[in-house]
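Have a look at the structure below before the remarks.
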Amino acid sequence: MNPLSAMKRIFRLAFLISAHTDAAQLKRLVDALPDDSVFFLHIDKKADIDIFKQVFANDNRVVFIDHRVDVRWGSINEIEYQMELVRAALECGEQFERLITISGMDYPVWSKERIVQFFEQDREKEYLAAIDVSFPWRMSAIYQQYFFWIHKPGSGWKYYVTRALGRTLRLLGVKKPLRRKIGDKTYKLYKGAAWWAITPKLAKVILHEWDTNEELKDWLKWCMCPAELFAQTVALNDEVWREKCMLDNEKYSLPMHTPLTYVTWVNEEIKTLDEADYDRIIQSGKMFCRKIVSGKSDNLVEMIKKV
């Protein structure tokens with residue numbers, strides 16, 4: 001039975017959530033989000049989905065998508081599960097005002113009521129931020145390189161061969177173009193983050209490109225972190241949607257490119273947040289914070305609940 005069939009209300013927000021661990025934290029996240037929402041969950045194929053299903057056994061707002069991906073960070077299959085979450089939300093029969101992508105390790109800084117009010121106030125703006133990669137900035141050269149991140153580190157000869165191939169191409173000076181002509185259209189490459197909040201209308205456009213534009217997918221396939229490029233490149237190369245998105249060509253800024261989520265890095269890894277981060281999180285004004293881990297971030301979560 002479709003878990004949505006018993007619902008009578010029209011839900012305003014759809015949360016598209018990817019998770020691979022910490023079912024208790026995922027439950028805490030869902031419980032803290034607006035009650036009249038639907039939560040579409042992708043559980044990494046490497047994880048035991050039964051653990052997650054047990055946690056949500058009595059919550060008919062939660063939908064586990066059947067299409068599961070063995071996620072490889074930095075590879076194009078991150079877009080695959082992202083688009084399957086979009087597809088599930090668009091085809092479920094409910095009407096949503098926003099499709100919001102978040103991680104299972106996020107947690108809302110704002111109240112349920114404030115989140116809803118925020119999206120009610122501006123129903124046209126697309127919270128999809130990007131920078132033109134061809135615009136001079138320090139990371140432009142990275143997106144001209146080939147990254148064959150399709151195999152798990154240390155998984156065998158294929159991993160080492162593909163990594164060696166990438167290094168060889170860089171030594172030979174072989175570069176990926178930052179623009180690509182596909183049919184009658186010339187695409188510029190745009191980079192942002194994998195976390196955004198968009199309208200169903202834009203989501204349909206992005207999903208259609210994923211389903212039909214093989215040349216675009218081939219162009220992005222061997223880029224670094226295609227999931228931070230695909231939606232942005234589709235939307236920002238469309239004159240209609242470009243005006244509704246968040247484009248910044250002054251400089252790359254992590255806070256700007258994650259407009260709704262507070263996240264910080266330490267030693268090239270996303271920092272696990274704790275109570276010492278509380279003031280910075282609140283001062284950021286962001287809707288969500290990441291990365292929240294059971295047993296390490298519990299005191300912080302209790303502090304946020306009191307805001």
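Taking every protein chain into account, the accessible area of the range 167-307 amounts to 52 square angstrom per residue (probe 1.4 Å). Derived value for the chain: Kirkwood hydrodynamic radius 20.3 Å. Basis is the mean of 1/r over every pair of different alpha-carbon atoms. Percent of C-alpha pairs per 5 Å bin in the range 162-307, short distances first: 2, 8, 15, 16, 15, 14, 13, 10, 6, 2, 1, 0. Using the rule -39500 (n - 2.57) for each DSSP H run of four or more residues, divided by the residues of the chain, the 222 nm mean residue ellipticity is -10000 deg cm²/dmol. Please state the relative contact order of the chain as a whole percent: Cα pairs under 8 Å, 6+ residues apart? About 22 percent, as a whole number. Taking the Cα atoms only, what angle lies between the long axis of helix 200-212 and the longest principal axis of the chain, rounded to 10 degrees? With rounding to tens, the tilt is 40 degrees. For the options Glu84, Glu268, Glu97, a Gaussian network treatment of the chain with springs between C-alpha atoms closer than 10 Å singles out Glu268 as fluctuating the most. Among Glu126, Glu228, Glu209, the residue with the largest mean-square fluctuation in a Gaussian network model of the chain, with springs joining Cα atoms closer than 10 Å, is Glu209.
Pairs exceeding 21 Å between alpha-carbon atoms, taken from Lys27/Lys291; Lys181/Lys221; Lys125/Lys204; Lys217/Lys286; Lys27/Lys112; Lys185/Lys217: Lys217/Lys286.
Peptide packing: for 271-284, 66-79, 175-188, the average count of neighbouring Cβ atoms within 10 Å per residue gives the ranking 66-79, 271-284, 175-188, highest mean first. Each of Leu247, Phe39, Phe118 was placed along the dipole of the chain (beta-carbon charges, centred on the mean Cα), and the one lying farthest toward the positive end is Leu247. Of the peptides 293-300, 196-203, the order by per-residue mean of other Cβ atoms within 10 Å, starting with the highest, comes out as 196-203, 293-300. For the chain, the carbon plus sulfur part of the accessible surface works out to 49%, probe radius 1.4 Å.
Potential lengthening of the chain between His67 and Ala24 amounts to 13.2 nm, from the contour at 0.36 nm per residue minus the alpha-carbon distance. With a 1.4 Å probe rolled over the protein heavy atoms of all chains, the accessible area of Cys289, Cys92 falls in the order Cys92, Cys289, largest first. Extension gain, Asp298 to Glu275, is 7.4 nm, computed as 0.36 nm per intervening residue step minus the present C-alpha separation.
Remark: accessible surface ordering of Trp110, Trp222 (largest first) is Trp222, Trp110, probe radius 1.4 Å. If you run the Gaussian network model on the chain, springs between alpha carbon atoms under 10 Å, then out of Asn237, Asn58, Asn267 the most flexible one is Asn267.
Within the chain, antiparallel bridges make up roughly 40 percent of the DSSP beta bridges whose residues both belong there. Enumerate the calculated ³J(HN,Hα) couplings along the range 102-117 in order (Karplus 6.51 cos²θ - 1.76 cosθ + 1.60, θ = phi - 60°), each rounded to whole Hz, writing x wherever the residue is Gly or Pro. Values, residue by residue: 9, 9, x, 9, 8, 8, x, 8, 8, 6, 4, 5, 5, 4, 5, 4 Hz. Accessible area per residue (1.4 Å probe, heavy atoms of protein chains only) ranks Phe40, Phe147 as Phe147, Phe40, with the largest value leading.
Here Asp248 and Ala57 are evaluated by their C-beta separation; at R0 = 45 Å the FRET efficiency comes out at 0.55. With the simple model of a label 7 Å out from the Cα in the direction of the Cβ, Lys204 to Arg167 spans 4.9 nm. Given R0 = 41 Å, the distance between the Cβ atoms of Glu91 and Gln117 translates into a calculated FRET efficiency of 0.90. Against the longest principal axis of the chain, how steep is helix 23-32, in degrees 0 to 90 to the nearest 10, with axes from Cα atoms? In the chain, helix 23-32 runs at an angle near 70 degrees to the longest axis. Summarising the label geometry, the points placed 7 Å from Cα in the beta-carbon direction at Thr264 and Ile142 lie 2.0 nm from one another. Average accessible surface for the range 95-138: 44 Å² per residue, computed with a 1.4 Å probe over protein heavy atoms with every protein chain in place.
Suppose every K and R has +1 on its Cβ and every D and E has -1 on its Cβ; what is the size of the dipole of the chain about the Cα centre, in Debye to the nearest 20?
Value, rounded to 20: 860 debye.
The values are calculated or read from the model by the stated rules, or taken from the named source; none is laboratory data. All of these numbers come straight from a predicted model, not from anything done at the bench. Quick reminder, even Gly has a Cβ in these numbers, built from the backbone with ideal geometry, and neighbours come from all protein chains shown. In case anyone asks, the SASA skips ligands and DNA or RNA and just uses the protein heavy atoms, side chains included. Shrake-Rupley method; radii C 1.70, N 1.55, O 1.52, S 1.80 Å.
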